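Please read the structure below before turning to the comments.
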């Protein structure tokens, strides 16, 4: 573990990897492709490195990769300094793997920010990637308003924001996990369920209905102080419980659950 940490941490980001000849992909001093999305978000999801490293890495994502249409897979685009075998150079800058916005990793990005308790940022990424966000700009997006495209052209493209390749992506599943387990905080455990939201601070209250292991959960989340994360108390059917794990053995057929943030 120590060797990996030493070899892969690069000041404010995780590198993308090493080639067999020792060439580093994703060094922050590289003139092109110095920042990659997946190593940063997955360091949080896998709980790899320190909390400080995770925070720095995700701050770097927002600063260097984010666009109004989602986060680019890497940046700057390859043009003159790619490594041997970098097939993304087959594409123009801002298209597909060459600094385009792949839709599927957006769900992992949402989940990672949620795990850090960054509700505002998680929801911002959710909104940027959501097809419905662009219902009033459908001619620009050029894809059905109810599906994710495989990728969206990014800021180096003259057609930034144009989406491509409908029905050929796993994005719905990754964004579903980022939404339910991340933003809404619905996390099943062996002995029950934990509800630990990471939400926009402007959400003062909301409700959810979930069927969990055959039992109905009617959940109300109250957030009077505008928090992004942090559960103060959990009440199940009128009784306040210890901690935030709602155990299976206390659940009735239908349950009223109140989460106070």
### Task
Assuming R0 = 35 Å, can you tell me the calculated FRET efficiency for the pair residue 3 and residue 177, based on Cβ-Cβ distance, to the nearest 0.05?
0.70
### Task
With a Förster radius of 51 Å, plug the Cβ-Cβ distance of residue 204 and residue 80 into 1/(1 + (r/R0)^6) and report the FRET value to the nearest 0.05.
0.50
### Query
Sorted from fewest to most neighbouring beta carbons within 10 Å, what does the list 8, 90 look like?
90, 8
### Task
Grab the alpha carbons of segment 1-90, take their convex hull, and tell me the volume per residue in Å³.
108 Å³
### Helix axis angle, 119-129 relative to the chain longest principal axis, alpha carbon, degrees
60 degrees
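For n ≥ 4 DSSP H runs only, could you compute -39500 (n - 2.57) per run for the chain, divide by its residues and tell me the 222 nm figure to the nearest 500?
After summing the helix terms and dividing by residue count, I get -7000 deg cm²/dmol.
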### Task
Can you tell me the 0 to 90 degree angle between the C-alpha axis of helix 104-115 and the longest principal axis of the chain, rounded to 10?
50 degrees
### Summary
One computes Rg over Rh for segment 37-119 from alpha-carbon atoms, with the Kirkwood Rh, and obtains 1.01
### Message
In whole Å, what are the extents of segment 185-260 along the principal axes defined by its C-alpha atoms, from largest to smallest?
### Response
33, 21, 20
### Task
Treating the angle as unsigned and between 0 and 90°, give the value, to the nearest 10°, between the Cα long axis of helix 51-64 and the longest Cα principal axis of the chain.
60 degrees
### Query
Which of 174, 127, 50 moves most in a GNM of the chain, Cα contacts under 10 Å?
50
## Note on the structure
Between the modelled labels at residue 137 and residue 232 (7 Å from Cα along Cα→Cβ) the distance in nm is 3.8 nm
### Task
Quote to one decimal, in nm, the extra length available between residue 159 and residue 51 on full extension: 0.36 nm per residue of separation minus the C-alpha distance between them.
35.2 nm
### Task
Round to the nearest 0.05 the FRET efficiency obtained for residue 248 and residue 147 when R0 = 41 Å and r is the Cβ-Cβ distance.
0.70
### Query
When Rg and Dmax of the Cα atoms in Å is calculated directly from the model, which label among [x] 20.3, 64; [y] 22.5, 77; [z] 16.6, 50 fits?
[x]
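What number, in percent, do you get for the relative contact order of segment 156-246 if the mean sequence gap of Cα pairs under 8 Å and at least 6 apart is divided by its residue count? Working shown, then result.
Numbers: 103 pairs, mean separation 18.9, N = 91.
That works out to 21 percent.
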### Residue order, fewest to most surrounding Cβ atoms within 10 angstrom, among 213, 16
213, 16
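All of the numbers you see were taken from the coordinates with simple rules; none came from a lab. Note that the structure is a prediction, hence the values are computed from the model and not measured. Ideal geometry is used to build each Cβ from the backbone, glycine not excepted, and the neighbour counts take in all protein chains shown.
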